[in-house]
Each structure stands twice: as C-alpha cells, then as structure tokens.
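Novice: I'd like to ask you about the structure that follows.
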4 protein chains.
Amino acid sequence: MRLLSGMYAGKTTGAPIAFFIANEDQRSADYNELARLFRPGHADFSYQAKYGLRDPRGGGRSSARETAARVAGGAIAQRLLASEGINLHACTLEIGGIACECDNIATAGNRPYFAGDERIVPAWEDRIKNVRSLSDTLGGIVQIEAHGVPAGLGEPVFGKLDALLAAALMSVGAVKGVEQGAGFKAARMLGSEHNDALLPGGRFASNNAGGVLGGISSGQDIVLRAAVKPIPSTAREQKTVDTEGNPATITVGGRHDICAIPRIVPVLKAMTALVLADMLLQQRRMEKK
Amino acid sequence: MRLLSGMYAGKTTGAPIAFFIANEDQRSADYNELARLFRPGHADFSYQAKYGLRDPRGGGRSSARETAARVAGGAIAQRLLASEGINLHACTLEIGGIACECDNIATAGNRPYFAGDERIVPAWEDRIKNVRSLSDTLGGIVQIEAHGVPAGLGEPVFGKLDALLAAALMSVGAVKGVEQGAGFKAARMLGSEHNDALLPGGRFASNNAGGVLGGISSGQDIVLRAAVKPIPSTAREQKTVDTEGNPATITVGGRHDICAIPRIVPVLKAMTALVLADMLLQQRRMEKK
Amino acid sequence: MRLLSGMYAGKTTGAPIAFFIANEDQRSADYNELARLFRPGHADFSYQAKYGLRDPRGGGRSSARETAARVAGGAIAQRLLASEGINLHACTLEIGGIACECDNIATAGNRPYFAGDERIVPAWEDRIKNVRSLSDTLGGIVQIEAHGVPAGLGEPVFGKLDALLAAALMSVGAVKGVEQGAGFKAARMLGSEHNDALLPGGRFASNNAGGVLGGISSGQDIVLRAAVKPIPSTAREQKTVDTEGNPATITVGGRHDICAIPRIVPVLKAMTALVLADMLLQQRRMEKK
Amino acid sequence: MRLLSGMYAGKTTGAPIAFFIANEDQRSADYNELARLFRPGHADFSYQAKYGLRDPRGGGRSSARETAARVAGGAIAQRLLASEGINLHACTLEIGGIACECDNIATAGNRPYFAGDERIVPAWEDRIKNVRSLSDTLGGIVQIEAHGVPAGLGEPVFGKLDALLAAALMSVGAVKGVEQGAGFKAARMLGSEHNDALLPGGRFASNNAGGVLGGISSGQDIVLRAAVKPIPSTAREQKTVDTEGNPATITVGGRHDICAIPRIVPVLKAMTALVLADMLLQQRRMEKK
C-alpha cells in the first residue's frame, strides 16, 4: 500500500487520505475464459445489463477486492472513534448452519474465525473440510458491536443510525440480511418483553433495541448481525449462459475460499466504524465549544 | 390533505410536490403527563440526549405519523414506476410468531392484514385478541416485492440497490431487520444451492438473490422482508425513569394499536417504490435518447 | 406566514423549520394572457424547454416570490450567526448607472434604498422617476459584508467559501455578476498592490481578498458585490413569440417595480447568511469540545 | 499521468476514472524556509487557522497544481459534450489592464495567450516584460463560451445553471469575480435594452442573458467571464508575519509565472465543461427513451 495524500509529518492534514493498493497477486489469465460466460451469483450479468460492457478481470468494482479500501478507511475511522472511547468488536455466530452464542465479543478477535465461542471451532473446521471436498461453499452469520457510543448519534427520518448501518453492511457483497438488537426475533416478542426498561443513570434493563431508539443512539451498545451468503465461485460445475445467451456450463477455478468468513468480518467492522465516525462528526455540528 | 405545489392543470410541473396533512385527530393532552417520563421503546430518551430538549406531543419526528408523508410520496413513485411496467406488492408473512407462506402476493393487498395466505387470518385474529386482553402488543414480518424491474438499476459499492433498499426499510420506525431474497437462510445454504443458474432469455432457475446481483438489479423480482417489532406503547405498566433520572412507572394509554401490521405494510411498499424510482431516474442519465 | 414545524415552547427542536406563506396578493388573472406568450428576460421559454409545460401564473418557481423563503431562512441563519458574533450588512452602491461609495455599511440598513451614501438618494430617485415615465426598468449593484467571521470557514477545492457564496448570490434571480474583495478590479492590479500584507495579531494591511484566502475565511470581513439586472417585466412593448413560435408583441402590466433594489438587498444578505451558517456548522465537525 | 481505473479495452466502463499525476518537477526544498512564514495572498494563514497545521510544501491542496486534475476531468467532460454537439471555447480579454474585444472565440485557442484579438498580443508582451522587470505580477480577464448547449439544462432555485457555473469558476484559485452575459454591465442597462427579444425558431435578437434564463439554459451560447487576480507569489519583498505572529519580510522565489493567464484558461474551460456535463446527465433523468 502506498499512501498518496493526506499526511504530513505523521499527522493527517485534513486533505483526503488517498492510498494505492496494487493487486500484485492478480492473474488476469484466470478470467480469460470467464469473459464470455456469466458467473452465477456474481454481478457479471447485471453489470453487463447496466453498462452494456464489463471488465471481466475479476469482477471489476463488484469484486470483493474493493473491500480492501473499506478496511483501510475503517481502520482510520476506528482510530478516531477510539479517541472518543468508542470501540468496535465483531464475532462469528454461525458457519454453514452451525451456530454458537457469543460469550465475549471483546476477545473474539483473537480466535480462529473470530468465533463467538471457541468451543465451536472444531465443528466449523469439519464442516468446511467436508464442503471443500464437495467443491462447494458456505455462508454464515456475523455479529458486530460498538461499545461506548454516546447517546444522540444519527439523524431523524431518512438518516436514522440503524438505516445507515443497515445500508453500510448490506453494501458489502455477500450480505443478504441485516438485523439490529433482537432483530428478526423482535417480530415474535411481546411489547412488554421487547421494550428495554430505562433505569437511573442512563442505563437500560436489556438491549433488545441494539443501541438505537427512534434511529438515534441511546448510549447502549450498538448490536448488529449480518447474514453472509455462500461464496458464489464454486469449483462445482454450474449451469449458466454465455454472453450471447446460449446455455453453457461453468466451473470457477481460481483461488477461491470456501467461506467468506473470516475475511468479511473486518469489512463489516470497518463499515460500522465509518458510519459511526460520520455520525459522530455530524453530531458535533450541533455542539458549541 | 392539501396540495401546496407541483401540480398545474392536472399535471406535475417539475416543481416539488408539497402537501400538508393536518393532524386533526390529535389530542396533545394525551401527552401532557408523558412530557416528564421517557417512554420505553420510544425515541424520547435518545432525542432528549441528541437535542437537549424534545417536543413531547406524540414523539415529534419520531412518531409513526411522519410515515403519512412517505406513503403519499410512495404513491406518486408507484405511478411513475407503473408507467414503466414496474409494480409493487406486499404481504404479511407472520404476526405474533404465527407464520404463513405467501401464495399470491399480487392479491394479498385485498386480504385482511395483507395476509400472505388467507387461511392464516383467523389464527392472527385470535392471537391479537388474546394479546389485547393482556394489554400487550405484537410484531410481525412483511414481504415486499417489485415486479417488472429492469436489469441495471443501482450503483456500485456504496450505492447498491440492496443497500439503499435496506436503509429505506430500516428507516421506518419499528423495523429491526431486513433481508433480501433468501436472506438469513442464505447463511445456511451451500453455494451450489444458493446460486441462481442463468437461463437463456435473461431468465434464472431460482431467485435466492432476490433480484439483485452485485448490488445491481438483475431483472428478476425484487424480494425483501422486514421484521417489525411489537408496538412499544402498551397499556401495561412498565418501568422507566423521569426526565430527572428518577425511577418511575408508565402506562401509555392513548389510542394505540396492538400491532403495527397492517398499517406499516403500505409504508414499506412506499419506501421500496421511492428507492426504485430514484434509481430508475438515475439510470436514465446513462441512456441516450 | 404560518409556522408549521420545528419550534416548541419558543425554541427550535432540531426538526426542520417549515413555514407557509400564502400569496394573498395574487391575481392569477394578470397572467391569463401571458400563458400563450414567452416574456423576454423571464424563464418562460427555458422552463417550457426543460419541462415541456409550465405553470404560467407568475413564473412559478422562477418567480421572485420564491425569495421570500430565502429571506425567512436567512433570518434564522442570521440569529445563529449573531450568537457567534457574526453580523451581516448590505448596501446599494449603484442604481441605473449612478454610483456611490459606501461610507458606513452598518448604518446603510436604515437608509432609503440601503444607500451606501445617503447623499446619492435624490439622484437615484430622479433616475427612477424618469425611467418610470419611460415605462422602463433599472438595475444596480449591491455590496454585502459579513463582519466577525472567524478564520477557517470553507472547504478546499470545490467547497471553497467564495465559490459557495458566488453560487448563493448568483442563484438569486436578476443577479448577473458576483465579485469578492477587489473583484474585477483585481484583474488590473499588480501582485504587490493586491496582496494583503499580514500584520501581527491576525490582522491584515488591506482587504483586497474580501475575507477569503484559498477559499477559506481569513478572519477579515467578507466583502461581496452583486450586479443586478433591470427587471425584465416592463410596461413597454417588447418583441417576442407565442408558444407556437409566431412573432408577437407583449406588454407586461401587473404591479411591477422599476428596480429590484431595494427588494433584492435582504435576499442577498440572507443567502450570504445561509452559506456562512452552513460552513460554521461544517467547521464545528472538526472541533472537539 | 498514469490511468488507474475506469477504462477497459479502450472504453470507459462506468467505474470512476482515476489517474495519478506525479509531481516530478517538485523541489520541496524551495518551500523549506516558507514553512515558518505566511505568504501574503496565499492560503497559508487560512489553512493554518482551519486545520491547526499545514503542509508547507507548495501550498498543498490550495496549490494551483490541483487544477491539473480539473483539466483532466474537463477533457473527458468535453468529449462527452462534443458527442452531443456542445463545444467549449475560451479567450483572454484583458491582461494587466490592457483590454481587447473577442473577434472569434473559436480560433482564439490557437493564439498566444488565447488572445481574443491577435493584435493585442504585442501590447500584452510588453506589459508582462515590464512587470517582470519590476519583480511584480499581473492579472486579467478570461471569457468562456459553450456553443450548442440545448435549452433546458440547470435546476430551479439553488441548482441554477448560472449559480453552478459561478461556483465552478470561483472555485479556481485566483478568480475574484464571475459574470454571465452582460454581467456587471447589465446593472447599467435599461430593461428594454437588456431583455433579449425572442424570435421565431427558438432564436433571440441578442444575448445579454449569456445563455441562461431563470437559471435554465435557453439554447443560446453560454457566455461567462472571470476576473483573475495577479499571482500572489512575487519576487518582490513583502511584509508578513511568521507562524508565531512576529513581523517578517518574505520574497517568494521558486519558478513562478508573472501572470496566471494563459495557464488558467484551460482550467476555466474544464470547470465549465464539468458543470455542463453534470447538468446534461441530470436532465436526461427526465427524458424517456
């Protein structure tokens, strides 16, 4: 990575921080044959429809490679947030349908797969090994939390914090669902169960809301979960069509993972950090020195 | 509703369409006592933290009343979309934990609760009646679909169609989770199961993607689901604090529903329509006459 | 004017401040005949070209009437700015080609025509009287200043303070030119004349820059001038075409002024205030409490 | 210049076109001494006030070097505009107070200084030679025109074409004034003189408006003029203060021009092109195929 702008003498200058990451590991030849086929589950077909042409070398802007920039940006945002006492954490709750609870999200960053519970790791490894032998791929579920977020971040109506966070996570390729706090389970709860009772001192008896009330942070931990689909590039033969619309079969070789987890975890953390940093700065506009 | 601008001689003029909906049914007195208590599950606490003061009369901008404007805007967007052959539909899949499949979303608009399957209605009615007797409230799950969406809508990276749709739905109060296509189930599928094989003629063998590939519409039906939390205003006594931080109890009377469904269904449809109309116009910029 | 939202108990709530100004003085009948003619110097022709139809009643959104909202918004911005020690002033430097210097812009607000120098007023009155007798109209030049602006407002490159201010003034109908500090005269000065030497204490020996260096406020007074064209609606007969493109003549009656000054002066002040308030809030994002 | 993204097989892909221009001609040592002095007429003081620190190597983002990116972007915009029959031209009307008329803007691009009238060139060369001998600098006035612009570009109220163009030109360092059509002269004209009479066939009898009516293009030539201040870096000694606020003198050596013209002319053309291309695409949103 080469830093192009925004720093001088070890400090940010206020100019945009631009950096350049050369894809030195690329093998465009891997994609030569793919230029005439639409890969299922990828953006090949929709990009062709949108732009009338596409760059077949690795999916262009729809490639997971673009998330490198998100992670770099998120690293800077996390430094800013940390200076205000806001810290981001993430863990994996589920791979290939095998779920666990998260016992301590603050330490999950050091575990294999960022596992919510370390005891689940062998089961995940077996599952991945098995699916690899089938030339197939797997998805999973990731939880992201932000601790120390002050109450008051987010904007009403269309700029709600949960809406911005949902967009941020959903904008990461492979994410097919996003939930906050109790999430989909909230749909099955009674109001009396779901409401988080307020306690003296700005505390709450529970956190079904996931840290947001009416789209504005409440001072509780921000709790998000994202559903990650299985990687669409599989070594297994799939049906598709070529760019002329003729039926074809495709096998996506290359050097693809079986599961986007754990690679997607830092991306989701980065996106959460970017939104929170934006909203933190936004809120400062209202606060006189 | 009084139309203030944007129309002349029965046509839109290109000026913003402004309208005024007087809340003639208001009873601000209902909220007098609430001014000194924070209602659990509402934005009272977070708005107070954000702005340092709040308008206690019904929650101000965080009130579900603001969705009236969304529905009016969405009605106009749906007219625009319909002129391009794009039609929106929605149905209820679950209320109070009692779920159904959707047999025909195009006719669900005429059923009680916009039920996905008419046969579920009596069970829902029993459930609501029972919960009402407990002075409690219920949530549910809604599915929204857009049919006839052309391939090519949405923008790469941060402007992906699914990200914008997730934000649009999540920006509606009470929504705690959003998923597209297979959604959270995608996390448990194999890549070979989840990938939608392409067929000649721009068709696909399945629609696990929910109409979006790489954030760009694929020409398939857009399929979204939203989890709706139970209404936080309950006639049951809840613990809270007053604005000085002292413990208190609260009972939210007023004229509140037991379940946001079916009222929230048109709101979710409207938000989906607004995003699609925006992206449709956005895409036209690339297309020469 | 009726306030619709944004205030509670005498304070702004953070919600948008919406207000409604009914045009109770309208006489749409004045415009009946104009519906089939394009008024020279007005937006009739360009709106028709843009939208394919237009609302002929007074020019719609291109009417000077829309500036009432700018003035109302600017009044609020000026309250915010005043609380930070920033004050806006404006004066008229020229009407119908008769120019004066500004002796004290802080008191010009109390003079006829907001005259920069009170002694010019009789000459302007004669000029206006004379032009009125010719059924013709006049333009002029207005100076706007902001005192007490802290150094550091504005953003680099495309968000420069002078660029935003130029757009703000030029967005007011009838403004055909904008200059800052020495303005067009700067083009005729030597570098050694134009540069404002820096003095101890954040002061400068002159203010040819008009308060902005590199697009960022310098702490000096912001000084802007706007050229205002003569009002295009004249009681004198003019050549034009009708909506079918046939030659025609037009006489614009109605109740039109001879000169947009002094009515445009508060509008220009309001626009300056709105930009400065925006940039003040923007800059706060960088400042920790 | 190295192209980083946005092109494949000789065509734009719809991805952002990123390019990297290394400043191979830099001599940061030239700026070493300047790090402790504020250069008059530069952004040194205002950037320090804004950010609390600054990158002294050549002015950072406030350096005229950033206009290289504007010119590159404008070149692409001009290709897009040309494909729609819209062509940009520019000429110099005045240097160091010596003015000319423009006889043929379409050929001015081939003349020294992009002179509006070739016969003025010797006088300008004498003036520049003389000012160079005084170690001083000069400014001037540039005219920019866009021919073939269709009627209907620009948006009402705050998005008026003339407002956006004014901001675009004023955002270029050294520009202190902007006018459109008759500009400041309009302030001295009668309404009957200034109004451009409409003729059959979408033509006009004159172009005092400079191609914009009510902020929307009229189909006439867009005509803009910008006042360019003298270059602030002079070899002549100037008064200033150091970063501690102590009085000091400064002589800016380096390799600076006497006059920003002709270097600024392509920048102003580029900025005009960028705005027109944006508005052209914006307008397409309203047009059905």
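The values are calculated or read from the model by the stated rules, or taken from the named source; none is laboratory data. Treat the numbers as computed from the prediction; the structure is a model and nothing was measured. Positions of Cβ are backbone-derived with ideal geometry, glycine not excepted, and every protein chain shown enters the neighbour counts.
Novice: So how many residues does region A:110-162 have that are buried (at least 17 other Cβ atoms within 10 Å of the Cβ) and acidic (D, E)?
Specialist: Residues flagged as buried (at least 17 other Cβ atoms within 10 Å of the Cβ) and acidic (D, E) within region A:110-162 amount to 5.
Novice: In this structure, is C:T67 modelled with pLDDT of 95 or more, under 16 Å from the mean Cα position of the chain (by Cα) and at negative phi? Quick ask: steps written out before the conclusion?
Specialist: Values: modelled with pLDDT of 95 or more: yes; under 16 Å from the mean Cα position of the chain (by Cα): yes; at negative phi: yes.
So C:T67 fits the description; yes.
Novice: Let me ask something else. Which condition number in (1) assigned to a helix (DSSP H, G or I); (2) out of contact with any Phe, Trp or Tyr (no Cβ under 8 Å at 6 or more places or on another chain) is the one that B:Y113 fails?
Specialist: Among (1) assigned to a helix (DSSP H, G or I); (2) out of contact with any Phe, Trp or Tyr (no Cβ under 8 Å at 6 or more places or on another chain), the lone unmet condition for B:Y113 is (2).
Novice: Could you check region A:184-267 for strands (runs of 3 or more DSSP E) lying wholly inside it with 3 or more residues that are under 21 Å from the mean Cα position of the chain (by Cα) and more than 9 Å from chain B (Cβ to nearest Cβ)?
Specialist: Details: elements: A:222-228, A:238-241, A:247-250.
The strands (runs of 3 or more DSSP E) meeting that bar are A:222-228.
Novice: Now for a different question. Which one of these is over 24 Å from A:A187 (Cβ atoms), among the charged types (D, E, K, R) and facing another protein chain (nearest Cβ under 9 Å): B:E84, B:E94? Steps first, please.
Specialist: Details: B:E94 fails: over 24 Å from A:A187 (Cβ atoms).
The conditions single out B:E84.
Novice: Do we find a residue being among the β-branched types (V, I, T), within 23 Å of A:K229 (Cα to Cα) and surrounded by 15 or more Cβ atoms within 10 Å (Cβ to Cβ) anywhere in region A:1-13?
Specialist: Initially, region A:1-13 is screened for residues among the β-branched types (V, I, T), giving A:12-13.
Now restrict to residues that are within 23 Å of A:K229 (Cα to Cα): none.
Within region A:1-13, none of the residues are among the β-branched types (V, I, T), within 23 Å of A:K229 (Cα to Cα) and surrounded by 15 or more Cβ atoms within 10 Å (Cβ to Cβ).
Novice: What single numbered condition from (1) within 30 Å of A:P156 (Cβ to Cβ); (2) more than 18 Å from the chain's Cα centre (by Cα); (3) assigned to a helix (DSSP H, G or I); (4) at the interface with another protein chain (Cβ under 9 Å from one of its Cβ atoms) fails to hold for C:R79?
Specialist: C:R79 satisfies every listed condition except (4).
Novice: So which residues in region C:165-183 are more than 7 Å from chain D (Cβ to nearest Cβ) and at negative phi, if there are any at all? Talk me through it step by step, then tell me what you get.
Specialist: At the first step, the residues of region C:165-183 found to be more than 7 Å from chain D (Cβ to nearest Cβ) are C:165, C:168-169, C:172, C:174-175.
Of everything in region C:165-183, those that are more than 7 Å from chain D (Cβ to nearest Cβ) and at negative phi turn out to be C:L165, C:A168, C:L169, C:V172, C:V175.
Novice: Could I ask something else about it? Is it the case that B:A106 is loosely packed, with under 13 Cβ neighbours inside 10 Å and outside any loop (DSSP other than H, G, I, E, B)?
Specialist: Working: loosely packed, with under 13 Cβ neighbours inside 10 Å: yes; outside any loop (DSSP other than H, G, I, E, B): yes.
In short, yes.
Novice: If A:T272 satisfies every condition in (1) polar (S, T, N, Q); (2) more than 8 Å from chain B (Cβ to nearest Cβ); (3) crowded, with 17+ Cβ neighbours inside 10 Å; (4) assigned to a strand (DSSP E or B) but one, which is the exception?
Specialist: For A:T272, the exception is condition (4).
Novice: Check region B:222-231 and report whether any residue there is farther than 29 Å from B:R111 by Cβ and crowded, with 24+ Cβ neighbours inside 10 Å.
Specialist: No, that holds for no residue.
Novice: Additional query: For region D:136-152, check the following and say yes or no: at least one residue is closer than 20 Å to C:V157 by Cβ and in contact with a Gly (Cβ under 9 Å, 6 or more places away or on another chain).
Specialist: no
Novice: Follow-up. Tell me which residues, restricted to region B:31-62, are assigned to a loop (DSSP other than H, G, I, E, B), under 24 Å from A:M286 (Cα atoms) and more than 9 Å from chain A (Cβ to nearest Cβ).
Specialist: From region B:31-62, those assigned to a loop (DSSP other than H, G, I, E, B) are B:32, B:38-43, B:52-59; that's our starting set.
Then drop every residue that is not under 24 Å from A:M286 (Cα atoms), which leaves B:38, B:42-43, B:52-59.
Passing the criteria: B:L53, B:R54, B:D55, B:P56, B:R57, B:G58.
Novice: Is it true that C:A49 is under 30 Å from D:A151 (Cα atoms) and touching a strand residue (DSSP E or B) at 6+ places or on another chain (Cβ under 8 Å)? So that I can check it myself, show each step before the final result.
Specialist: Numbers: under 30 Å from D:A151 (Cα atoms): yes; touching a strand residue (DSSP E or B) at 6+ places or on another chain (Cβ under 8 Å): yes.
Answer is yes for this residue.
Novice: Cβ contacts < 6 Å: first residue over 19 Å from D:G183 (Cα atoms), restricted to region D:145-172; second residue among the hydroxyl-bearing types (S, T, Y) and part of a loop (DSSP other than H, G, I, E, B), any location; separation 6+ or different chain. Result?
Specialist: Qualifying pairs under 6 Å: D:A151/D:S218; D:F158/C:S171.
Novice: Is one or more of the residues making up region B:103-124 aromatic (F, W, Y), closer than 27 Å to A:N208 by Cα and without any contact (Cβ under 8 Å) to a residue 60 or more places away in the chain?
Specialist: Looking through region B:103-124, at least one residue is aromatic (F, W, Y), closer than 27 Å to A:N208 by Cα and without any contact (Cβ under 8 Å) to a residue 60 or more places away in the chain.
Novice: Residues in region D:122-173 that are touching a strand residue (DSSP E or B) at 6+ places or on another chain (Cβ under 9 Å) and of a type in the set (F, W, Y): how many?
Specialist: The qualifying residues number 1.
Novice: If you go through region A:240-255, how many residues are surrounded by fewer than 16 Cβ atoms within 10 Å (Cβ to Cβ), out of contact with any Phe, Trp or Tyr (no Cβ under 9 Å at 6 or more places or on another chain) and under 30 Å from A:I95 (Cβ atoms)? Give the steps one after another, and end with the answer.
Specialist: Looking only at region A:240-255, we keep the residues that are surrounded by fewer than 16 Cβ atoms within 10 Å (Cβ to Cβ), and these are A:242-247, A:249, A:251, A:253-255.
Adding the requirement that they be out of contact with any Phe, Trp or Tyr (no Cβ under 9 Å at 6 or more places or on another chain) leaves A:244-247, A:249, A:251, A:253, A:255.
The next check asks that each one be under 30 Å from A:I95 (Cβ atoms); those that pass are A:249, A:251, A:253, A:255.
Number satisfying all stated conditions: 4.
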